[in-house]
Amino acid sequence: QVEVVQSGGGLVQPGGSLRLSCAASGTISDILAQAWYRQTPGKERELVAAITDGGSTNYVHSVKGRFTISRNIAKTLVYLQMNSLKPEDTAVYYCKVSTIRGPIWGQGTQVTVSS
């Protein structure tokens, strides 16, 4: 079984940067891929960035060139580096770890971009 704990987030001014972290523990060999999602009140959870089992990455159009997803070789840590943040990036961000037994979600962390 895999457990996931997120860290990072908070309040930042427009144009600023934040890094989110997601740490996985447990049966690490079950881990396949990771992704970051975000959600605002009244809206569906949106895929922001993903990294496949093979290391390929993809991003939602609105964050391309500003956000970077990365992870360590062991796949136990995944990061979302967020630069040039905009007010519309404000949301609760969730880490999702895909395993052979199904997805495991982090607890969510608030990111607020405001002056």
With a cut-off of at least 1 residues that are without any contact (Cβ under 8 Å) to a residue 60 or more places away in the chain, name the strands (runs of 3 or more DSSP E) lying wholly within the stretch 1-64.
18-26, 31-39, 46-51, 57-59
Tally, over the stretch 28-67, of residues that are open to solvent by less than 40 Å² (accessible area, probe 1.4 Å), under 19 Å from Ile100 (Cα atoms) and either within 14 Å of the chain's Cα centre (by Cα) or of a type in the set (Phe, Trp, Tyr) (or both)
6
Do we have any residue at all in the stretch 70-80 that's farther than 25 Å from Gln1 by Cα and touching a strand residue (DSSP E or B) at 6+ places or on another chain (Cβ under 8 Å)?
no
Residue check, Thr90 closer than 16 Å to Gly9 by Cα and of a type in the set (Val, Ile, Thr)
yes
What residue, of Ala49, Ala35, is touching a strand residue (DSSP E or B) at 6+ places or on another chain (Cβ under 9 Å) and within 16 Å of Gln107 (Cα to Cα)?
Ala35
Residues that are of a type in the set (D, E, K, R) and in contact (Cβ under 8 Å) with a residue 24 or more places away in the chain: does the stretch 90-100 have at least one?
yes
Filter the stretch 1-22 down to the residues that are modelled with pLDDT under 95 and touching a helix residue (DSSP H, G or I) at 6+ places or on another chain (Cβ under 9 Å), then identify the one that is surrounded by the fewest Cβ atoms within 10 Å (Cβ to Cβ).
Gln1
Could you check the stretch 83-102 and list, in sequence order, the residues that are open to solvent by less than 80 Å² (accessible area, probe 1.4 Å), within 22 Å of Asp53 (Cα to Cα) and of a type outside the set (Val, Ile, Thr)?
Tyr93, Tyr94, Cys95, Lys96, Ser98, Gly102
Selection status of Ser70, in contact (Cβ under 8 Å) with a residue 12 or more places away in the chain, over 18 Å from Ile100 (Cα atoms) and part of a loop (DSSP other than H, G, I, E, B):
no
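Yes or no, residue by residue, for (1) of a type in the set (Val, Ile, Thr); (2) at pLDDT 95 or above:
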site: Ala50; (1), (2): no, yes
site: Val60; (1), (2): yes, yes
site: Lys64; (1), (2): no, yes
site: Phe67; (1), (2): no, yes
site: Ala74; (1), (2): no, no
site: Tyr79; (1), (2): no, yes
site: Glu88; (1), (2): no, yes
Identify, from the list Ser25, Ser70, the residue that is under 20 Å from Gly8 (Cα atoms), open to solvent by 50 Å² or more (accessible area, probe 1.4 Å) and among the small types (Gly, Ala, Ser).
Ser25
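The values are calculated or read from the model by the stated rules, or taken from the named source; none is laboratory data. Quick caveat: nothing in here was measured; it's all calculated off a predicted structure. We place every Cβ from the backbone using ideal geometry, glycine too, and count neighbours over all the protein chains shown. Ligands, DNA and RNA are stripped out before the accessible areas are found, and what is left, the full protein with its side chains, is counted by its heavy atoms. Shrake-Rupley method; radii C 1.70, N 1.55, O 1.52, S 1.80 Å.
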